[in-house]
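Scroll down for the structure; my scribbles are underneath it.
The values are calculated or read from the model by the stated rules, or taken from the named source; none is laboratory data. Source: prediction; values computed, not measured. All Cβ positions, even for glycine, are placed from backbone atoms using ideal geometry, and neighbour counts span all protein chains on display.
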Amino acid sequence: MPLTAKRYITVGRLADGQHRRDASSLRLMGRWLYALGFSPGDTVLVECRDGCLIIRRTVAQTAESPEKPQLLANVDAALSRAA
């Protein structure tokens, strides 16, 4: 799958039957996450501002692999072109 800077994901609904309130939910999954440098067990920081969610790996607890630096360089390049 080619590395892209944008993904379209539908916001879902998470039903809370106990309190009878629904909540919005997002589910991110796929090989593209690994290509962007996210691995199972990584910790992420989610920043919320002005209608945007910014998701970043936290460096201290990231599982490293030899190919990640090149993948992250590709992601940076893709994001620079998209900006």
Inset, instruction - May I ask you to list the residues in the range 1-33 that are among the aliphatic types (A, V, I, L, M), in a strand (DSSP E or B) and modelled with pLDDT of 85 or more? - result: LEU14, ALA23
Inset, instruction - State whether the residues of the range 37-49 include one that is part of a strand (DSSP E or B), touching a Ser or Thr at 6+ places or on another chain (Cβ under 9 Å) and on the phi < 0 side of the Ramachandran plot. - result: yes
